[in-house]
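Scroll down for the structure; my scribbles are underneath it.
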Amino acid sequence: MNRHVLSILVDNNAGVLSRIAGLFTRRGYNISSLSVGETQDEKVSRITIVVFCDDLVIEQIIKQVDKLIDVIRVIELDNERGIFRELALIKVFAPPEKRADIINIVDIFRANIVDVGTETLTIEITGEQTKIEAFKELIEDFGIKEIVRTGMTGLCRGNNPIKNTRNEK
């Protein structure tokens, strides 16, 4: 099974996400990552879905998603035509004697400390999944207390945006 990243422009209406996620559920495929937010037009949202499945299955899913009423456009982003990012917030155990070591790792990964507690640091890191995983592995030795990740989001590279009007579909 291969990783597939779908970028879907939809009308910003209630129930759209549920109907799209239902297509994956009915086929028995787990959504590995899901990210949703408004675009530059508040009437339009972008959904980024990551799923692991066969190439033939994803073609069928794309066709079915594209038929839904509130879907404006759906494309698959690949590594050559897509830019992918994820955000993670990681709260790590950080007694005063370990803070300098943690700050050095944070600096190397170009992450940010966004909160300081008496015994913890909360770190914000953005980047590709591999960067976040590598950071997480290094910081685990200090003791991760909490972690939250946004899921992957992505855009087309260069001058090739997903068109957001139906007549351009």
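Quick check on residue 110: is it more than 22 Å from residue 152 (Cβ to Cβ), of a type in the set (Lys, Arg), without any contact (Cβ under 8 Å) to a residue 24 or more places away in the chain and assigned by TED's automatic domain parsing to the domain that holds residue 139?
Considered against the rule, which asks whether it is more than 22 Å from residue 152 (Cβ to Cβ), of a type in the set (Lys, Arg), without any contact (Cβ under 8 Å) to a residue 24 or more places away in the chain and assigned by TED's automatic domain parsing to the domain that holds residue 139, residue 110 comes out as no.
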Here is a check on your reading of the model: is residue 74 in contact (Cβ under 8 Å) with a residue 24 or more places away in the chain, buried (at least 18 other Cβ atoms within 10 Å of the Cβ), under 18 Å from the mean Cα position of the chain (by Cα) and closer than 30 Å to residue 111 by Cβ? no
Just the residues that are closer than 21 Å to residue 31 by Cβ and in a strand (DSSP E or B), please, taken from region 128-155. 147, 148, 149, 153, 154, 155
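Kindly check whether there is at least one residue in region 104-119 that is more than 18 Å from residue 144 (Cβ to Cβ) and in a loop (DSSP other than H, G, I, E, B).
Step one: of region 104-119, the residues more than 18 Å from residue 144 (Cβ to Cβ) are 107, 110.
Next, from what is left, pick out any that are in a loop (DSSP other than H, G, I, E, B): 110.
Looking for residues that are more than 18 Å from residue 144 (Cβ to Cβ) and in a loop (DSSP other than H, G, I, E, B), one finds at least one in region 104-119, hence yes.
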Take the residues of region 79-123 that are under 18 Å from the mean Cα position of the chain (by Cα) and loosely packed, with under 13 Cβ neighbours inside 10 Å: which is farthest from residue 4 (Cα to Cα)? 80
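Kindly provide the set of residues from region 16-36 that are without any contact (Cβ under 8 Å) to a residue 40 or more places away in the chain and over 21 Å from residue 57 (Cβ atoms), ordered by number. Step through it out loud before you land on a result.
Applying the first criterion (without any contact (Cβ under 8 Å) to a residue 40 or more places away in the chain) to region 16-36 yields 17-18, 21-22, 24-32, 36.
Result: 36, single match.
The values are calculated or read from the model by the stated rules, or taken from the named source; none is laboratory data. What you see is a predicted model; the values in this text were computed from it and never measured. Cβ atoms come from the backbone with ideal geometry, glycine included; neighbour counts cover every protein chain shown.
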